[in-house]
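One structure is given here, and the rest of the page talks about it.
The values are calculated or read from the model by the stated rules, or taken from the named source; none is laboratory data. Computed from a predicted model, the values in this text were never measured in an experiment. All Cβ positions, even for glycine, are placed from backbone atoms using ideal geometry, and neighbour counts span all protein chains on display. To get the accessible areas, we keep the full protein, side chains included, count just its heavy atoms, and leave off ligands, DNA and RNA. Shrake-Rupley method; radii C 1.70, N 1.55, O 1.52, S 1.80 Å.
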Amino acid sequence: METAKSNSNGRLIAIIAMFFLFAMISFVTNLAAPIGTIWGFKFAGNSVLGMMGNMMNFLAYLFMGIPAGNLLVKIGYKKTALWAMGVGVIGLFVQYLSSVVGADSVVCEIAGSAVTLNFFVYLLGAFICGFCVCMLNTVVNPMLNLLGGGGNKGNQLIQSGGALNSLSGTLTPFFVGALIGTLTPQTAMGDVAPLLFIAMGVFVAAFIIISFVAIPEPNKSAIGKKVKYSHSPWNFRHTVFGVIGIFFYVGIEIGIPGTLNFYLADQSANGAGVVGEASTIAGAIVAIYWLFMLVGRTLSGFISGTVSTRAQMITVSAVAILLVVCAILIPKTSTLPVPEFIYSGGATVPVSAFLLILCGLCTSVMWGGIFNLAVEGLGKYTAQASGIFMMMVVGGGIMPLIQNAIAGAAGYMASYWLIVAMLAYLLFFGLVGCKNVNRDIPVDDEVENAL
């Protein structure tokens, strides 16, 4: 009886620890897009350069995804998380350094803009932070799925943790927008330095706390033995489709609010009545997108025990397609006033902006849903698959960059056709691609004596 109670308490503590790390992932990741408006303004409104920090953040996943999965097997979940937080402190500090060094040293010219040394320092910091969040994601997702017992219950736990992730994501662009206010030639990284120091402090505190928390280590084999892998996650069709789905999904999740932030902050382009502190308004509007993700994940956390993950994926993909298509087709001259609780200055924004932030209700379910469906039935291959999934999160850097290139050539709203195409793939994954057709592959642990 005492052992069962102890195991239950240990499981609860582990879940709380994973929830906390989930929140930190979003906080660090969502610094990139709103901070990017500073650089975009500095470089004559070049939104592609403005999104480069976001690109570097996600590019790190491409390099760190598989190594992070291997770390889970070699040193365990807890040590991987501790290493990740140490890397996070370094990355945030390097971003801070971009506010105090190299501001007057022009290195090169890109797209007609004179690029200074501090911009490259900032990109390096964003890249290092990408290593951090990749490692944390590799730990958190399979661990929550495991603690929930897989299936619908595993998805329920991921969605519940994702609610805190969304809460953190809601606050980040709001705080950054408030610190920036109106973009001017004097706006610089130093204006958002307080958030960087807060994040560093939180990582240090988290490192200390997690050091004393007992985290389950499902990949630990018996001493002197090693697990045999006769196949790989790539042998499972539904996992391969899921890997592609993660690539597109993160591009959708970041692309919708990231491009919207540039659209609303670019007063010369939207022509829709966003006046005054446009960056503050944009940050507040985009924060509602992340708030809707919080609402969606909270609701999914309640219903995922009874409503299948597949049914949720199909529904939200179809609804998101409808919302984005309507946002594209509605003229930007059709506007609505910004609610007073968001911004009290009496501004108006395009109706399209409200439709796009509603997509947060849909995208909220997708990350946990794709991961849950794609690793179902993988057994001992789950840790390796998690590393592969994290590698493909690079889509959150590549696809928004492509979207902003399209926005520069064809307009902000036209760029959202790329989002529609990616959502269509996720609808296919929910309808067909998520079915496990490789159940003949053995997935239970087989061990052999280590040489």
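Structure values in brief
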read-out: S166 hydroxyl-bearing (S, T, Y), farther than 24 Å from V94 by Cβ, open to solvent by less than 30 Å² (accessible area, probe 1.4 Å) and modelled with pLDDT under 80; value: yes
read-out: Close pairs from the range 50-62: first closer than 20 Å to I38 by Cβ, partner open to solvent by less than 10 Å² (accessible area, probe 1.4 Å) and assigned to a loop (DSSP other than H, G, I, E, B), Cβ under 8 Å, at least 6 apart; value: G50/F43
read-out: Filter pass, L97 being open to solvent by 30 Å² or more (accessible area, probe 1.4 Å) and modelled with pLDDT of 85 or more; value: yes
read-out: Flag if A410 is open to solvent by less than 10 Å² (accessible area, probe 1.4 Å) and modelled with pLDDT of 80 or more; value: no
read-out: Selection from the range 353-382 of residues that are surrounded by 24 or more Cβ atoms within 10 Å (Cβ to Cβ) and of a type in the set (G, A, S); value: A353, G360, S364, G368, G369, A374
read-out: Cross-chain or 6+ apart pairs with Cβ under 9 Å, the range 17-44 first and closer than 16 Å to A188 by Cβ, then at pLDDT 80 or above and acidic (D, E); value: none
read-out: Answer residue from the range 293-331, given it is under 14 Å from S160 (Cα atoms), at pLDDT 85 or above and surrounded by 19 or more Cβ atoms within 10 Å (Cβ to Cβ) and is nearest to the chain's Cα centre (by Cα) among those; value: G296
read-out: Close pairs from the range 126-145: first under 25 Å from F197 (Cα atoms), partner at pLDDT 85 or above and surrounded by fewer than 24 Cβ atoms within 10 Å (Cβ to Cβ), Cβ under 6 Å, at least 6 apart; value: I128/I90; I128/V94; F131/V87; C132/V87; M135/T80; V139/T80
read-out: Long-range neighbours under 6 Å by Cβ, at least six apart or interchain, first residue open to solvent by 10 Å² or more (accessible area, probe 1.4 Å) and part of a helix (DSSP H, G or I) within the range 245-262, second modelled with pLDDT of 95 or more and not hydroxyl-bearing (S, T, Y); value: F248/M422
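Yes or no, residue by residue, for (1) out of contact with any Cys (no Cβ under 9 Å at 6 or more places or on another chain); (2) open to solvent by 50 Å² or more (accessible area, probe 1.4 Å); (3) at pLDDT below 75; (4) assigned to a helix (DSSP H, G or I):
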| residue | (1), (2), (3), (4) |
| --- | --- |
| A17 | yes, no, no, yes |
| F27 | yes, no, no, yes |
| I38 | yes, no, yes, yes |
| F41 | yes, yes, yes, yes |
| A60 | no, no, no, yes |
| G65 | no, no, no, yes |
| G76 | yes, no, no, yes |
| A81 | yes, no, no, yes |
| V101 | yes, yes, no, no |
